[in-house]
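Worksheet: one structure, shown below.
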Amino acid sequence: MRRIILLLCLALALPLAAQETTAPAAPAAPPTIITPTDSAQTREELRELLSRLPPQVGKALKLDPSLWTNKEYLATYPALAAFVAQHPEIPHSPSYFLESVWIPSDPSPETPNSRMWDRMLETVSILGVIVIMVTGATWLIRTAIEHRRWSRVSKVQAEVHNKLLDRFASNEDLLAYVNTSAGKHFLESAPLALDAGPRAVAAPIGRVLWSVQAGIVLTAAGLGLKYIAWNAIDKDIIGPLGGIGVFAIAIGIGLMISALVALVLSKKLGVWQPPAALTDTDNPVTE
């Protein structure tokens, strides 16, 4: 009986002793929050940080990437050391994060503005070449057509003149015919000009009007481009659009000034001849 009682006491005492000797569980660690890192933003922050440091720091880090892990060198610049400690990915890609640091041995840095200017100049150059080629081809075709027409007309006129001259029996008959109105018209209708005197300068009315019209159009286009540049959201296109607008305005004003100068000089030289007004004799009205 005593043994049974002793065994029962031991069975009840063992669970209590186990609960007393068990250590309290440690509190659960808070979950680690991993925030995604934007490499472009990190590069921009690094560029701003390096702009506050001496320029030689960025150049030295770009020339010698081992300085990123040199604690003695980074200790000289505590802000840079703290930034590198927060962003350990920088030493693994130093060329990417130091893209804005330019070294004389490197090619010129390419900015969005420079890329836009290059594309625009390339487009303008291609369009200029196309316009020149089309203009040259048009001029050649027009010259060939005019030469062919002139050759055909001159050949017909020469045949008609030769047949008409063969009808005269003597020189006196020819001279008498030339002195008549029909003979004078015959000489004036020759394919080649017989008057070798100096050619008169045409009145520059058309050129002046064309210069004024082109100047107004270019000035309006330049003002439109400047307005677009002033209201543009993207800062990369403000410079190119503004530059092209100023260039167009300058050309337009230059054309209008040249038209004014041509008008004044034409009047002083006596070349300006405006069209005369129609009179009653020029345009008779039948009753």
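Label-to-label distance for Thr138 and Glu89 is 5.6 nm, based on points extended 7 Å past Cα in the beta-carbon direction.
Can you order the peptides 239-246, 126-133, 71-78 by their average number of other Cβ atoms within 10 Å per residue, highest first? Display every interim value, and only then the final one.
Values: 239-246: 17.8, 126-133: 10.0, 71-78: 12.1.
By packing density, highest mean first, the sequence is 239-246, 71-78, 126-133.
Spin-label pair Met116-Ala250: with each label point 7 Å from Cα along the Cα-Cβ axis, the two points sit 1.9 nm from one another. Each label was represented as a point 7 Å from its Cα along the Cα-to-Cβ direction; for Gln56 and Ile228 these points are 4.8 nm apart.
Taken together, the values in this text are just the output of simple stated rules run on the coordinates, not laboratory data. What you see is a predicted model; the values in this text were computed from it and never measured. Neighbour counts are summed over all protein chains in view; Cβ atoms, including those assigned to glycine, are modelled from backbone coordinates with ideal geometry.
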